[in-house]
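Working notes, beginning with the structure itself.
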Amino acid sequence: AQSVAQPEDQVNVAEGNPLTVKCTYSVSGNPYLFWYVQYPNRGLQFLLKYITGDNLVKGSYGFEAEFNKSQTSFHLKKPSALVSDSALYFCAVRDLLTGGGNKLTFGTGTQLKVEL
Amino acid sequence: NAGVTQTPKFQVLKTGQSMTLQCAQDMNHEYMSWYRQDPGMGLRLIHYSVGAGITDQGEVPNGYNVSRSTTEDFPLRLLSAAPSQTSVYFCASSYGTGSGANVLTFGAGSRLTVL
């Protein structure tokens with residue numbers, strides 16, 4: 001079985017400060033890991049993915065995420081937050097052993113609020 | 001360049017009524033899926049399809065039916081609506097292979113209320 005945990009319901013950060021949104025995962029095989037963002041009343045948009053290779057993955061809008069196999073984590077980061085980054089962020093995992101058909105399991109989401 | 005189109009955007013049903021949520025994509029994606037989003041529970045997979053004529057159940061399939069007669073369309077049917085099916089429903093699609101595989105493109109969502 002595959003699962004994802006996002007331990008923080010909400011993260012608050014001041015504009016210009018670095019931000020981190022946490023994600024841990026559990027899989028039986030090797031993971032594919034993803035971050036998606038959802039703006040109000042919109043569908044989810046793809047930010048970045050880890051498939052294989054470099055543990056530091058860069059994505060859209062200046063976001064990056066670091067894959068840590070020993071800690072089973074895939075935290076989302078950005079060096080300098082913008083007010084426009086305020087949104088709901090979802091981590092997702094696909095277990096290569098069991099997750100056929102691009103079956104992703106999503107976390108419960110973390111609301112990011114960036115304030116002036 | 002429409003992407004994934006869902007209709008209707010909003011719907012109110014009475015308990016026991018049936019309806020179909022429509023989903024169409026114009027990107028020639030092989031894989032399509034339906035998720036429901038509920039507060040505090042994230043997105044949960046209802047049904048998915050890896051190609052025309054092939055469907056399978058996800059995490060929460062009870063009370064829903066799907067079919068995939070064409071590559072483009074993947075409708076979700078509620079057989080007898082229940083208040084527990086009040087939710088926001090998202091259709092998503094992706095390529096099955098290549099660099100675009102595993103990257104889901106989502107529709108804008110359909111908000112369903114069952115009274």
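Data for the structure
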read-out: Förster radius 41 Å - calculated FRET efficiency between B:ALA82 and A:TYR39 (Cβ-Cβ, nearest 0.05); value: 0.85
read-out: Gaussian network model of chain B, Cα within-10 Å springs - most flexible of B:THR71, B:THR20, B:THR97; value: B:THR97
read-out: Qualifying GluC sites (Glu not before Pro) for the stretch B:13-92 [loop in DSSP, other Cβ within 10 Å: at most 10]; value: none
read-out: Too-long pairs where the Cα-Cα distance tops 18 Å, listed order kept, from A:LYS113/B:LYS9; A:LYS22/A:LYS77; A:LYS49/A:LYS69; A:LYS49/A:LYS103; A:LYS77/A:LYS113; value: A:LYS113/B:LYS9
read-out: Rounded to 5, the percent of DSSP beta bridges in the protein assembly as shown classed as antiparallel; value: 85 percent
read-out: Geometric extent, Cα atoms of chain B - Rg, Dmax (angstrom); value: 13.4, 44
read-out: Average partner coverage of B:96-103, which counts Cβ from other chains inside 10 Å; value: 3
read-out: Whole-Hz couplings from phi, Karplus 6.51/-1.76/1.60, listed for the stretch B:96-103; x for Gly and Pro; value: x, 9, x, 5, x, 5, 6, 9
read-out: Mean-position separation - Cα centroids, the stretch B:19-85 and the stretch A:1-67, in angstrom; value: 24 Å
read-out: Nearest-0.05 FRET efficiency for B:SER18 and B:ASP73, computed from C-beta distance (R0 22 Å); value: 0.75
read-out: HN-Hα J in Hz across the stretch B:65-77 - Karplus 6.51, -1.76, 1.60, θ = phi - 60°, x for Gly and Pro; value: 10, 9, 8, 9, 7, 10, 5, 7, 10, 8, x, 10, 9
read-out: Förster radius 22 Å - calculated FRET efficiency between A:GLU64 and B:ALA101 (Cβ-Cβ, nearest 0.05); value: 0.55
read-out: Other-chain or far-sequence residues with amide H under 5 Å of B:THR86's (modelled H); value: B:VAL114
read-out: Peptide A:80-92 - average C-beta neighbours from other chains (10 Å radius); value: 1
read-out: Filtered trypsin sites (Lys or Arg not before Pro), the stretch A:9-72: DSSP coil and at most 14 other beta carbons within 10 Å; value: A:ARG42, A:LYS69
read-out: Zone residues, the stretch B:100-115, relative to B:THR5, backbone N less than 13 Å from point 7 Å out along Cα-to-Cβ; value: B:108
read-out: Under the Karplus curve 6.51 cos²θ - 1.76 cosθ + 1.60, θ = phi - 60°, whole-Hz ³J(HN,Hα) for the stretch B:35-43, x wherever Gly or Pro sits; value: 10, 10, 10, 10, x, x, 10, x, 9
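Where a number appears in this text, it was derived from the coordinates with a stated rule and is not lab data. Treat the numbers as computed from the prediction; the structure is a model and nothing was measured. Positions of Cβ are generated from backbone atoms using ideal geometry, with glycine treated the same way; all protein chains shown enter the neighbour counts.
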